[in-house]
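One structure is given here, and the rest of the page talks about it.
The values are calculated or read from the model by the stated rules, or taken from the named source; none is laboratory data. If you're wondering where the values come from, they're calculated on a predicted model, not measured in any experiment. Ideal geometry is used to build each Cβ from the backbone, glycine not excepted, and the neighbour counts take in all protein chains shown. Keep in mind that these areas ignore ligands, DNA and RNA; they rest on the heavy atoms of the full protein, side chains included. Shrake-Rupley method; radii C 1.70, N 1.55, O 1.52, S 1.80 Å.
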Amino acid sequence: MDFERMPSVSRRERSGEATIRIGALAPLTRPGWVQAGRHLLAGLEFAVSEVTGAGGVAGRPLELVVRDTAADPKKAVAAVDELARLGVVALAGEYHSVVARAAAARADELGIPFLCSSAVLDRLTERPTKWVARLAPPQSRGWQIYADFLSRAGHRRIAVASQQSVYWASGAHILRDHVHSRGGSLAEIGMSSLDPSSLCDQLIDHRATVVLLLVGHPEPAISIVKSVRNDSRLATIQIGAPAGQPEFAEWGTLLGEDSAAIPFLRYRPEHFNALGSYVERALREKLGEAPSFVALEGYDTIVVLADAMRSHGIERNSIAEWWPHTRVDGTRGKIQFFRTPGTTIWQWTGAPIQIVERTPGNPAQIRTLYNVADPNG
């Protein structure tokens, strides 16, 4: 798909057919994580085609009205405003947390239901809202599990290579609290004015046994991995990626064997249900590669919205009112939304969480290191 030449208004938008429009937000151009956006959009599109092929909602087909956020919060806000004027019944998608936060705040202001697919920042809105729900687990849950994993592996001296961002700062805070509570130490090394080779010197100085990549992909993450792997002084250090950079095939393409043995978080179950297996196969064919959990989040987003519209109608308020009543089987388990402490939105608390890595000697294969079952299942 040529995202650069994607029309701003689809043929159906121009023709005025009686479709039910859903606004889709995704990073489809740089500096956004384009591969994540591509997978997210593939999942959204496939689910829309499946729902429409099965008769749609009340006999009406679904239509995605796609807007590229390019990892820019201002673009996201402008897109929400435009989609509201176009009459979408709901908003779906987005991968980048800071962008999703901006979109969620605007959706709350305008009164448009927004089902966030992939962003994990705990507080997507500053105030409690009925308009926003989320499928991805909050950052605090996933990253606390990751911190526990490091502690169980015996790591007490942890370093994080970080960039400036609300998302990275939030992640570093979560890790620091957990590591300190278990008697460990965490050194935060800012990469804004530091090159990867200088980072290696600091890792030696801190006597770190693991360095975590709280940085963007592909750069500087790729350069950091290469520098650490090629420094003989750091032969025994572990590299970790709680933000999930190794999830996508591009990671293996750029790093080869160096892409392996870097534990990361992903949000999918150890074993798929029947729907998950079917969708995984279909998305593999659509994408030409193994679908990431982000593609599955996209599919599940439309499944939830279609269920809400069938059950409660297509008015915006009706969809938002349906969040606490949701009981729907998605590709990764039964989806239900709850209000959880510390969050201001409706949250799927049963999203599966894994810690995995690419297998040494066969980086194309993913192996599971730790698996968290659905607490509600």
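Tabulated values for the structure
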quantity: Region 35-188, relative contact order in percent, only Cα pairs under 8 angstrom and at least six apart counted; calculated: 15
quantity: Region 278-377: relative contact order as a whole-number percent, Cα under 8 Å and 6+ apart; calculated: 15
quantity: For region 210-220, 3J(HN,Hα) per residue [Karplus equation, 6.51 cos²θ - 1.76 cosθ + 1.60, θ = phi - 60°, Hz, x = Gly/Pro]; calculated: 8, 10, 9, 8, 9, 9, x, 10, x, 10, x
quantity: Three-way shape label, the chain, alpha-carbon gyration tensor, a/c 1.5; calculated: prolate
quantity: Packing-based ranking, highest mean first, of 152-158, 104-110 given that Cβ atoms within 10 Å are counted; calculated: 104-110, 152-158
quantity: J(HN,Hα) series, region 322-335, from Karplus relation 6.51 cos²θ - 1.76 cosθ + 1.60, nearest Hz, glycine and proline x; calculated: 7, 3, x, 9, 5, 9, 9, 7, x, 5, 10, x, 7, 9
quantity: Label-point separation, R157 to S185 (7 Å along Cα→Cβ), nm; calculated: 0.7
quantity: Spin-label model distance (nm) - R60 vs S277, 7 Å beyond Cα toward Cβ; calculated: 3.6
quantity: Mean Cα-pair separation over length for the chain, i.e. relative contact order, pairs under 8 Å, 6 or more apart, %; calculated: 18
quantity: Nearest-0.05 FRET efficiency for L86 and E219, computed from C-beta distance (R0 51 Å); calculated: 0.90
quantity: Accessible-area composition of region 171-211, carbon plus sulfur, in percent [1.4 Å probe]; calculated: 46
quantity: Residues whose placed amide H lies under 5 Å from that of D329, excluding near-sequence neighbours; calculated: I335
quantity: Gyration tensor verdict on region 144-211 (Cα atoms; rounded if a/c is under 1.5, prolate if a/b is larger than b/c, oblate otherwise); calculated: oblate
quantity: Å² of accessible area per residue within region 143-256, as computed with a 1.4 Å probe and no ligands counted; calculated: 41
quantity: Sequence ranges 358-370, 120-132, 22-34, 46-58, ranked by mean other-Cβ count within 10 angstrom, highest first; calculated: 22-34, 120-132, 46-58, 358-370
quantity: Surface per residue (accessible, 1.4 Å probe) for region 52-97, Å²; calculated: 37
quantity: Three-way shape call for region 276-377 based on the alpha-carbon gyration tensor, with the a/c threshold at 1.5; calculated: oblate
quantity: Gain in span if fully extended, A78 to A169, counting 0.36 nm per residue against the direct Cα distance; calculated: 30.2 nm
quantity: Alpha carbon centroid spacing (whole Å) that separates region 122-194 from region 311-368; calculated: 20
